[in-house]
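Working notes for the structure below.
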Amino acid sequence: MKVQHNGRDFKVVARPDGEGLVSHAGSAVLVGVAEKTGLRRALSQELEGLKARRSGHDLGRVVSDLAVMLADGGDCLADLGALGDQAALFGPVCSDATAFRVIDRIASDPDGLDRLRAAHARARARVWELTGAPELLDVDLDATLIGSHSEKEGAAGNFKGGYGFHPMLAYADQTGEALAGELRPGNAGANTAADQITVAEHAISQIPEEHIEGIRLLLRADSAGASHELLDWCREAQIRFSVGYELNEEVRTQILKLADEDWVSAVEQDGTPRTNGQVTEITAALDLTDWPEASRVIVRRERAHPGAQLTFTDHDGHRFQAILTDQAGEPAELERRHRARAHVEDHIRNDKDTGMRNLPFKEFEHNRIWLAIVQIAHDLIIWMKRLLLTGKLARSEPKRLRYRILHVAGRLTFHARTATLRLQAGWPWATQLISVFGRLAALPAPPG
């Protein structure tokens, strides 16, 4: 192999004689985040009763290391080697066989999943203590398909002709955190109200108790969320809702009766008018007596993009979408807020690159635990961004963060009880990573 240096070609000769070299050096920050948020301690305390004997690996440490491994980009137990092969940087890490036994022990306990959720919630409360709680929180529900290429327990055919699983997930839009998830067979319905309510309840339970009364909550979903059971639950729980609404015959008829002057410009997320998109309200023209009191229907139309295939619900080159909500306010603002639920698609896509695409176990309960650890890994990345990163890095997705800071190589040297991680001086993000380590060191340790 040849490389270029200063305009000259050089032949590369590889030798196994380096010392102190570590890869994935930036992922040590994730370990630090797990420590400073109290996540590792909370996991250890919640899982302590499941430990078979005093000696051996701490179960909370094992789960924390799994979450770090997933946040680092791994997708199976064997990828723990990325941490375990670098004990000088990450400390002692269990084998993948031990990690499986830990997951098996948690999955075998009737309260195992609840233990993980409780530890996750305790760490979240610590993060909100450090960063502040949001005044309003949009909880986004969505389901996604995960393929399976073997006959795993619970895998089934889905409505798209594939085979695998169909988990229901919930994310907090303002903070970007993963709030809840429930693994389901592939043939589970996207609009199964019982599953939606279960996941929504788990999501609400993740909000710290000291903040739950002061936060204005909105539950958002696509048209699969337009079920009487779910919206009645929202009303009983005093949670506002904003869900997609079917373009049925009644709705289409009323839309076609509208004049051009009935429409107002839709707005971007920053409040500026959209160049393509208009909004109106048709509540007065519909019979909404079966829906919760004060329900409203907001409709948006926009010109189809060039080359887009129109459907029978489109008219005069426009595409239409309707939402059902019980919020007060101007239609354009309510539609803007609902449109922001598209962020949930980004979260799901990123989580599929953080261990969710590959549910590695044959047993269904084991994969439920895996999904819970994926969501912890999701939040490790989110908490790192909120607590330690600034500028473009704070807005970067996991794939970019892994390239720029998590997978950076360095040289680890020891002198006078001090370990120094030396990064390549020419690496464009070396200074930012050094600053991240500094902010991490400055974070107060969790109480207790």
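Criterion applied to Arg240, Arg220, Arg216 was being under 21 Å from Glu333 (Cα atoms), exposed (fewer than 14 other Cβ atoms within 10 Å of the Cβ), in contact (Cβ under 8 Å) with a residue 12 or more places away in the chain and not aliphatic (A, V, I, L, M), and the one residue passing it is Arg216. Applying the criterion of at least 3 residues that are buried (at least 24 other Cβ atoms within 10 Å of the Cβ) to the helices (runs of 4 or more DSSP H) found wholly in the stretch 316-394 leaves 364-388. In the set Leu116, Leu130, only one residue is surrounded by fewer than 19 Cβ atoms within 10 Å (Cβ to Cβ) and not small (Gly, Ala, Ser); that residue is Leu130.
What's the total number of residues in the stretch 279-309 that are among the polar types (S, T, N, Q) and open to solvent by 60 Å² or more (accessible area, probe 1.4 Å)? Number satisfying all stated conditions: 2. Summed over the stretch 432-448, residues that are exposed (fewer than 10 other Cβ atoms within 10 Å of the Cβ), assigned to a helix (DSSP H, G or I) and in contact with a Lys or Arg (Cβ under 7 Å, 6 or more places away or on another chain) total 0. Among the residues making up the stretch 133-155, those that are open to solvent by 20 Å² or more (accessible area, probe 1.4 Å) and in a strand (DSSP E or B) are Leu136, Ala143, Gly147. Within the stretch 433-448, no residue that is closer than 21 Å to Arg122 by Cα and β-branched (Val, Ile, Thr) sits with its Cβ atom under 6 Å from a residue that is open to solvent by 30 Å² or more (accessible area, probe 1.4 Å) and modelled with pLDDT of 95 or more at 6+ positions apart or across chains.
Scan the stretch 114-131 for residues that are closer than 16 Å to Gly60 by Cα and over 18 Å from the mean Cα position of the chain (by Cα) and the total you get is 2. Note on the stretch 30-123: enclosed helices (runs of 4 or more DSSP H) holding 2 or more residues that are at pLDDT 95 or above are 39-47, 59-71, 96-108. If only residues of the stretch 402-431 that are touching a Lys or Arg at 6+ places or on another chain (Cβ under 8 Å) and not in a loop (DSSP other than H, G, I, E, B) are counted, the one that is most open to solvent (accessible area, probe 1.4 Å) is Arg422. Inspect the stretch 35-43 for any residue being open to solvent by less than 20 Å² (accessible area, probe 1.4 Å), of a type in the set (S, T, N, Q) and in contact (Cβ under 8 Å) with a residue 12 or more places away in the chain and give the result as yes or no. Yes, the stretch 35-43 has at least one match.
The listed residues are Arg235, Arg301, Arg274, and the only one of them that is at pLDDT 95 or above and under 31 Å from the mean Cα position of the chain (by Cα) turns out to be Arg235.
The values are calculated or read from the model by the stated rules, or taken from the named source; none is laboratory data. The shown structure was predicted, so the numbers you read here are calculated from the model rather than taken from an experiment. Positions of Cβ are generated from backbone atoms using ideal geometry, with glycine treated the same way; all protein chains shown enter the neighbour counts. Just so you know, the surface numbers come from the protein's heavy atoms only, side chains and all, with ligands and any DNA or RNA stripped out. Shrake-Rupley method; radii C 1.70, N 1.55, O 1.52, S 1.80 Å.
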